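Asker: The structure is given below, and queries will be raised subsequently.
The values are calculated or read from the model by the stated rules, or taken from the named source; none is laboratory data. Here the structure is a predicted model, which is why all the values come from computation and not from measurement. Here the Cβ positions follow ideal geometry from the backbone for every residue, glycine too, while neighbour counts run over all protein chains shown. Side chains included, ligands, DNA and RNA excluded: accessible areas come from the protein's heavy atoms. Shrake-Rupley method; radii C 1.70, N 1.55, O 1.52, S 1.80 Å.
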Amino acid sequence: MKAVKFTYFWLVFLFLYMPILLLIIFSFNSASYSASLWEGFSLKWYIALFSNHQLLDAALNSLILAVSAASLATALGALTAISLYRFKFPGKGYSFAMLYIVMMSPDIIMGISLLVLFITIKIPLGFITLLITHVTFSLPFVVVTVLARLSGFDKHIVEASKDLGADEAAAFRYVIFPLLIPAVAAGWLLSFTLSMDDVIGSFFVTDSTYQILPLRIYAMVRLGVKPEINALSAILFVISLVLVVIFQLLLRKKESTALKNR
Amino acid sequence: MFKRLIIGVSLFWLTLFIFFPNLLVLIVSFLSRDNESLVTAHPTFENYLNILDPIYLKVLISSCSLAFITTLLTLIIAFPFALILSRLPIKLRNLSLLLIIIPFWTSALVRTYCIKIILTTNGLLNQLLMKLSIISEPLDLLYTNGAVVMGLVYTLLPFMILPLYAAMEKLDIRFIEAARDLGAGYFNTLLRVIIPLSAPGIIAGALLVFLPALGLFYIPDILGGSKTLMLGNLIKNQFLDARNWPFGSALSVVLTIIMGLLLALNYKTVRTAAKKGII
């Protein structure tokens, strides 16, 4: 029974990781057709990738977008989380409901509803509309990460700072914000990744003037198997791996500081 | 001042970019199509009646059934996995959890593409089977419903594992021991104790798999060719190709209603579980 369990357990992991591993291995295949069996080690697809200007431009655009969207979403999300945690105000339940809607709605509903809005209020599609969309769908994830951190620490320290004469802004600057740094950083990373990977939301709210990487990849793989995409996917996978490890370390650090605060 | 400012900014964003767009889609779904300006202010129920047209009804039913099969398969794969995972020693469990979380951070598009490489006509699976002389002709694996379901299961499996694991981790081992002491066999324990106690996880997982399966239009597009049309593809086509926004909006409202029903079911299960004191 134990052996069966063990085998099953690792089979599921094999199912999850085998395709990714194959992709990475075959990005080094020297065969002229990417899906062919192994013919020898070569870096030619990486060289092809780095001479594909369309893809590189799209990658740069995506990077700019993801950094801007993550920064804006983190700032807005952290402030929203703080206001939800600190204050009672009319519209608090409404705020939670809106964040919940974004989190649960399939991406396609977000995409088309924002498209309808942008056309209605006549914002031309491009960088700005992509930015708004990415900030909006990252927002709940930042709020949740920051709220979790906020509910982990002692409310009295904020009150203590007020007793010592700090106003709301000073309490935020000197007490709340320093405690939030790990959660804020984690939220930023999560938003960055969501933005770099998003296909569905972006699909509706951009036109050809601002090409981003996921949409470029989508357009290419729809038509067939493209070896440069293997190389690119392998690179993206390794980057994601590094980001997950950083994220996990940030959250771990959070636990240890939370313990210290107690 | 500071307080007003941050509350104001956040309420402004939530209203303008979440509440308002959703309201607009609801409004547009009751308006008429117009070739000049996309939509005219002529109220109608026609868009909803259109969904009952056999062509669209067929898409709705087939995409719901593909999404249902996907949900069922992920549940069958994930259930034993999560059960084993929840009983592992803590160190190994944390490592395994990390391995489950990593796919969340990688692009689902890239992972769909991995499946395409494996299934395509000259792909790895066909070549391997031919090398081993199991088949003589390459099989048509890509551009089938099977390929779409495989892509969906592969992409969405972690979304089933995590809520199941969360429910099973809380499951008190003494319930299982008590069932065993009272003479229940392995199967009976599973059916009468473990499954009912992990119901909130099952429902949450089903929600996280079923809804995206309906909406992820690029998976049917890449793995199903033009043959498999899911609700997401239909909505996308109405907005970008057919330029029939009112009908696309009506379809999207239907998707939202499906979501609402599933959320209500989820809420009810969690409440019943809470009432019984399970969680």
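Asker: For a quick protection proxy, order the peptides B:234-241, A:105-112, A:177-184 by their average other-Cβ count within 10 Å, most packed first.
Answerer: Numbers: B:234-241: 19.8, A:105-112: 25.6, A:177-184: 17.8.
Put in order of decreasing packing, that is A:105-112, B:234-241, A:177-184.
Asker: Nearest 10 degrees, 0 to 90: what angle lies between the long axis of helix A:127-150 and the longest principal axis of chain A (Cα atoms)?
Answerer: On a 0 to 90 degree scale, this one is about 60.
Asker: Calculate the dipole size of region A:52-261 relative to its Cα centre from +1 charges on Lys and Arg beta carbons and -1 charges on Asp and Glu beta carbons; express the result in debye to the nearest 20. Write out the running numbers ahead of the final one.
Answerer: Numbers: 15 positive and 12 negative charges, 66 e Å.
The calculation lands at about 320 debye.
Asker: Still on this model: In units of 2.2 N^0.38 Å, what is the alpha-carbon radius of gyration of chain B?
Answerer: Numbers: Rg = 23.0 Å, N = 279, 2.2 N^0.38 = 18.7 Å.
So the Cα radius of gyration is 1.23 times the expected 2.2 N^0.38 Å.
Asker: Here is a follow-up. Pick out which of A:119, A:132, A:64 has the largest mean-square fluctuation in a Gaussian network model of chain A, springs linking Cα atoms closer than 10 Å.
Answerer: A:119
Asker: Also, quick follow-up: Just to compare against my own numbers: the Cα pair-distance distribution for chain A, 5 Å bins, whole % per bin, please.
Answerer: With a bin width of 5 Å, the distribution comes to 1, 5, 10, 12, 14, 13, 12, 11, 9, 6, 4, 2, 1, 0, 0.
Asker: Still on this model: Looking only at other chains, what is the average number of their beta-carbon atoms within 10 angstrom of each beta-carbon in B:130-137? Write out the running numbers ahead of the final one.
Answerer: Numbers: counts 1, 1, 0, 0, 0, 0, 0, 0.
The shielding value for this peptide is 0.
Asker: Taking the mean number of other Cβ atoms within 10 Å as a proxy for protection, how do you rank B:263-269, B:117-123, A:227-233 from highest to lowest? Don't skip to the answer; put the middle values down first.
Answerer: On the way: B:263-269: 13.4, B:117-123: 19.7, A:227-233: 24.9.
Listed from highest to lowest mean packing, they are A:227-233, B:117-123, B:263-269.
Asker: Using unit Cβ charges (K, R positive; D, E negative) and no other charged atoms, how large, in debye to the nearest 20, is the dipole of region B:105-205 about its Cα centre? Provide the component values of the computation, followed by the final result.
Answerer: Details: 7 positive and 6 negative charges, 21 e Å.
It works out to roughly 100 debye.
Asker: Relative contact order for region B:165-279: what percent, with Cα pairs under 8 Å and sequence separation of 6 or more?
Answerer: 25 percent
Asker: With springs only between Cα atoms under 10 Å apart, run a GNM on chain B and tell me which of B:47, B:244, B:22 wobbles the most.
Answerer: Ranking B:47, B:244, B:22 by mean-square fluctuation puts B:22 first.
Asker: Right, next: What shape does region A:1-154 have by the C-alpha gyration tensor, where a ≥ b ≥ c are the square roots of the eigenvalues, rounded means a/c under 1.5, and otherwise prolate means a/b greater than b/c and oblate the rest?
Answerer: Numbers: a/c = 2.65, a/b = 1.47, b/c = 1.80.
It is oblate, given that a/c is not under 1.5 and a/b is not larger than b/c.
Asker: Then there is this: Just going by the charge dipole of chain A, with Lys and Arg at +1 and Asp and Glu at -1 on Cβ, which of A:25, A:77, A:90 is farthest out on the positive end?
Answerer: It is A:90, whose Cα lies furthest towards the positive end.
Asker: OK, next. Give the average, rounded to an integer, of partner chain Cβ atoms located within 10 angstrom of each Cβ in A:112-125. Write down the numbers at each step before the final one.
Answerer: Numbers: counts 15, 14, 7, 7, 15, 9, 2, 5, 7, 3, 0, 0, 0, 0.
So the per-residue partner count for this stretch is 6.
Asker: Using only alpha carbon pairs under 8 Å that are at least six residues apart, calculate the relative contact order of region A:1-42 and give it in whole percent.
Answerer: Details: 21 pairs, mean separation 10.0, N = 42.
Once divided by the residue count of region A:1-42, the mean separation gives 24 percent.
Asker: Per residue, how much accessible area does the protein assembly as shown show when a 1.4 Å probe rolls over the protein heavy atoms, in square angstrom? Walk me through the intermediate numbers first.
Answerer: Values: 25140 Å² over 541 residues.
On a per-residue basis, 46 Å².
Asker: Moving on to the next point. Send over the semi-axes of region B:162-279's equivalent ellipsoid, whole angstrom and largest first, taken as the square roots of 5 times the C-alpha gyration tensor eigenvalues.
Answerer: 41, 16, 9
Asker: With just the Cα atoms defining each centre, how far is region A:59-87 from region B:88-157? Give it in Å.
Answerer: If you average the Cα positions of each part, the centres end up 33 Å apart.
Asker: Compare the peptides A:148-155, B:157-164 by average per-residue count of other Cβ atoms within 10 angstrom and give them in order, highest first.
Answerer: Values: A:148-155: 15.5, B:157-164: 24.1.
Order by mean packing, descending: B:157-164, A:148-155.
Asker: I need the helices of chain B that pass two filters: whole DSSP H segments spanning 27 Å or more by Cα along the axis, and mean Kyte-Doolittle score no lower than -1.0. Present the calculation step by step, with values, prior to reporting the outcome.
Answerer: Values: long enough: B:54-86 (45 Å, 1.95); B:145-170 (37 Å, 1.22); B:245-275 (44 Å, 1.04).
For chain B, where a helix must reach 27 Å along its axis and average at least -1.0, the hits are B:54-86, B:145-170, B:245-275.
Asker: Okay, moving on. Using the Cα gyration tensor of region B:74-182, with a ≥ b ≥ c the square roots of its eigenvalues, what is the shape: rounded (a/c below 1.5), prolate (a/b larger than b/c) or oblate (neither)?
Answerer: Details: a/c = 2.88, a/b = 2.16, b/c = 1.33.
Prolate shape, in that a/c is at least 1.5 and a/b is the bigger ratio.
Asker: Can you give the charge dipole size of the protein assembly as shown about its Cα centre, rounded to the nearest 20 debye, using +1 on the beta carbon of Lys and Arg and -1 on the beta carbon of Asp and Glu?
Answerer: For this selection, approximately 1640 debye.
Asker: Same structure again: In whole Å, how far is the Cα centre of region B:1-59 from that of region B:202-279?
Answerer: 17 Å
Asker: Also, quick follow-up: In a Gaussian network model over chain B where Cα atoms closer than 10 Å are linked, find which of B:201, B:225, B:183 has the largest mean-square fluctuation.
Answerer: B:183
Asker: Hey, rough spin-label estimate for residue A:4 and residue A:148, points 7 angstrom out along Cα→Cβ, what's it come to in nanometres?
Answerer: 3.5 nm
Asker: Take the residue pairs A:2/B:170; B:116/B:236; A:122/A:226; A:5/B:131; B:3/B:236; A:5/A:226 and return only those whose Cα atoms are more than 29 Å apart. Can you show the working numbers first?
Answerer: Working: A:2/B:170 22 Å; B:116/B:236 22 Å; A:122/A:226 37 Å; A:5/B:131 31 Å; B:3/B:236 41 Å; A:5/A:226 38 Å.
Distance filter (> 29 Å) returns A:122/A:226; A:5/B:131; B:3/B:236; A:5/A:226.
Asker: Here is a follow-up. Of the accessible area of region B:119-220, with the probe set at 1.4 angstrom, what percent is carbon plus sulfur?
Answerer: Values: 2990 of 4660 Å².
Percent of accessible area from carbon and sulfur atoms in region B:119-220: 64.
Asker: Mean separation of Cα pairs under 8 Å and 6+ residues apart, divided by the residue count of chain A: what relative contact order is that in percent?
Answerer: Numbers: 266 pairs, mean separation 79.5, N = 262.
Contact order relative to length: 30 percent.
Asker: Partner chain Cβ atoms within 10 Å, averaged over the residues of B:121-129 - can you pull that number for me? Could you put the intermediate results ahead of the total?
Answerer: Working: counts 1, 6, 4, 8, 1, 1, 3, 1, 0.
Per-residue shielding by partner chains comes out at 3.
Asker: Something else about it: Where a ≥ b ≥ c are the square roots of the eigenvalues of the C-alpha gyration tensor, would you call the protein assembly as shown rounded, which needs a/c under 1.5, or, failing that, prolate if a/b is larger than b/c, or oblate?
Answerer: Here the protein assembly as shown falls in the rounded category.
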